[in-house]
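Here's the structure, in structure tokens; my notes come after.
Read-outs throughout are calculated quantities, based only on the coordinates presented, and are distinct from any laboratory measurement. Here the structure is a predicted model, which is why all the values come from computation and not from measurement. Cβ: placed from backbone, ideal geometry, glycine included. Neighbour counts: every protein chain shown.
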Amino acid sequence: MSEITPELVRHLAGLARIEVTDAEVAQFASQLALIVDSVATVKAAVNDDIKATSHPIPMANVFREDVVRPSLTQAEALSGAAESESGRFKVSAILDAD
């Protein structure tokens, strides 16, 4: 059993600047305890005989030749653009300067 106490949950909530009610503290404490216990169970099952894997099935990259084929000219590509400038698509800024 993990040692996730209500005081620890309140401390973590304070660090994250999250206001929590007493009911939420109790709920989060039990949920976090379950997560910590589950991780401990998985950690206990792992030993040196088991190879670390990211995929259960072996993966392989599929490559194809990079062949140059006829394509649009710059003017043709820009012909459907709402706006263009200096041979490039012009779009509205979506992020602030900050």
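How much net charge surrounds PRO6 when only other residues with a Cβ under 13 Å from its Cβ are counted (Lys, Arg +1; Asp, Glu -1)? Every neighbour counted, the sum reads -3.
At most 14 other Cβ atoms within 10 Å and a DSSP loop assignment: could you name the trypsin sites (Lys or Arg not before Pro) in region 29-79 that fit? Before the final figure, lay out each step's value.
Working: sites: LYS43, LYS51, ARG64; in loops: LYS51, ARG64.
Qualifying residues, ordered by number: LYS51, ARG64.
Only sites in a loop by DSSP and with at most 12 other Cβ atoms within 10 Å count here; which GluC sites (Glu not before Pro) in the chain make the cut? Here the GluC sites (Glu not before Pro) that fit, given the DSSP loop and packing criteria, are GLU3, GLU19, GLU65, GLU83.
Dipole magnitude for the chain: computed about the Cα centre from +1 point charges on Lys and Arg Cβ and -1 point charges on Asp and Glu Cβ, it is near 360 debye.
Overall dimensions of region 6-45, expressed as equivalent-ellipsoid semi-axes from the Cα gyration tensor (√(5λ), whole Å, largest first), are 24, 11, 6.
Quick one: putting +1 on the C-beta of Lys and Arg, -1 on the C-beta of Asp and Glu, what dipole do you get for region 54-98 around its Cα centre, in Debye to the nearest 20? Can you show the working numbers first?
Details: 4 positive and 7 negative charges, 51 e Å.
That gives a dipole near 240 debye.
Per residue, the average separation of C-alpha pairs within less than 8 Å and at least 6 apart gives the chain a relative contact order of 19 percent. Relative intensity of the chain on a log10 scale, I(q)/I(0) at q = 0.11, 0.21, 0.22 Å⁻¹, equals -0.77, -1.10, -1.12, per a Debye sum over C-alpha point scatterers of equal strength in the absence of solvent. Given R0 = 35 Å, the distance between the Cβ atoms of LEU78 and SER54 translates into a calculated FRET efficiency of 0.25. Placing unit charges on the Cβ atoms only, positive for Lys and Arg and negative for Asp and Glu, gives region 6-45 a dipole magnitude near 180 debye about its Cα centre.
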